[in-house]
1. When you scan the range 19-77, how many residues do you find that are over 24 Å from the mean Cα position of the chain (by Cα) and of a type outside the set (A, V, I, L, M, F, W, C)?
2. Out of all the residues in the range 11-34, which are exposed (fewer than 13 other Cβ atoms within 10 Å of the Cβ) and over 30 Å from residue 152 (Cβ atoms)?
3. Restrict the check to the range 178-190 and report whether at least one residue is more than 21 Å from residue 32 (Cβ to Cβ) and surrounded by fewer than 16 Cβ atoms within 10 Å (Cβ to Cβ).
4. Can you pull out the residues in the range 103-126 that are among the small types (Gly, Ala, Ser), touching a residue at least 12 places away in the same chain (Cβ under 8 Å) and within 21 Å of residue 197 (Cα to Cα)?
5. Assuming residue 129 fulfils every condition listed in (1) without any contact (Cβ under 8 Å) to a residue 12 or more places away in the chain; (2) hydroxyl-bearing (Ser, Thr, Tyr); (3) more than 23 Å from residue 31 (Cβ to Cβ) apart from one, which condition is it?
6. Just checking, how many residues over the range 140-171 are surrounded by 14 or more Cβ atoms within 10 Å (Cβ to Cβ) and either touching a Ser or Thr at 6+ places or on another chain (Cβ under 7 Å) or not β-branched (Val, Ile, Thr) (or both)?
7. Can you tell me which residue is modelled with the highest pLDDT among those in the range 200-222 that are over 17 Å from residue 80 (Cβ atoms) and part of a helix (DSSP H, G or I)?
8. Of the residues 136, 150, which is in a helix (DSSP H, G or I), aromatic (Phe, Trp, Tyr) and modelled with pLDDT of 85 or more?
Amino acid sequence: MNITHIFGQMGPMGWGVVITLLIMSIYSITVMIDKTRSFRAARKQSLQFLPEFVSQLKKSNFQGAIDTSRKYKKSHLAKVVIAGIQEFMTDEGEFADRHDLVNACGRALDRSNALTSAEMKQGLGGLATIGAVAPFVGLFGTVLGIMHSFSDIADQQNTSLAVVAPGIAEALLATAIGLFAAIPAVIAYNRFTHGINRLEARLQRFADGFHATLSRELEVEG
């Protein structure tokens with residue numbers, strides 16, 4: 001028996017299970033590729049962005065810092081900076097005192113961090129769902145295969161291996177495809193979640209430091 005023969009023996013429900021698992025697997029692979037590319041691009045731009053940004057801050061050139069942030073718009077650090085500096089520059093005249101402005105900048109940085117975190121986590125819920133559901137979908141296919149074997153035994157009144165083998169093979173194939181869909185999804189979910197947690201901590205530290213810089217700038221101007 002070969003894979004082609006097993007697929008040929010499957011009924012409509014068996015095919016439904018296989019197609020569902022293949023769709024899950026394709027979705028997982030798509031999310032993994034997209035996240036890997038976006039994370040690599042963001043990391044590369046962050047490494048290029050940070051030295052230029054620090055150079056502009058040392059000169060107290062906030063417009064230059066904004067321009068640098070927009071230049072590296074894929075960088076998660078740059079997104080946080082844009083939110084903070086725009087609050088600092090556009091709303092300065094709308095607050096009664098510097099303390100209010102510092103608080104407004106802090107809120108802007110927190111909002112930017114939250115939005116960036118939500119953006120990074122897009123698609124991960126699907127990976128988690130596939131990792132949890134795919135084995136059970138495969139198990140359903142396993143049950144269908146075993147039922148197929150019992151049906152063949154009843155029809156032919158024979159329990160030989162030749163009779164039960166097609167159904168058992170179908171059951172094992174469904175199990176294998178379910179695991180093929182679930183295992184990479186679980187590994188990718190854990191890997192991306194760990195990476196995002198580390199990045200969130202880094203963004204928070206960066207936002208806190210940048211907020212302190214803006215606060216000092218306001219004190220100097222005051």
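The values are calculated or read from the model by the stated rules, or taken from the named source; none is laboratory data. It should be emphasised that the depicted structure is a prediction, and the values quoted were computed from it without experimental measurement. With ideal geometry, Cβ positions are generated from the backbone for all residues, glycine too; neighbour counts draw on all protein chains shown.
1. Number satisfying all stated conditions: 13.
2. 26, 30, 33, 34
3. No, that holds for no residue.
4. Scanning the range 103-126 gives 106, 108, 112, 117, 123, 126.
5. (3)
6. Qualifying residue count for the region: 18.
7. 216
8. 136
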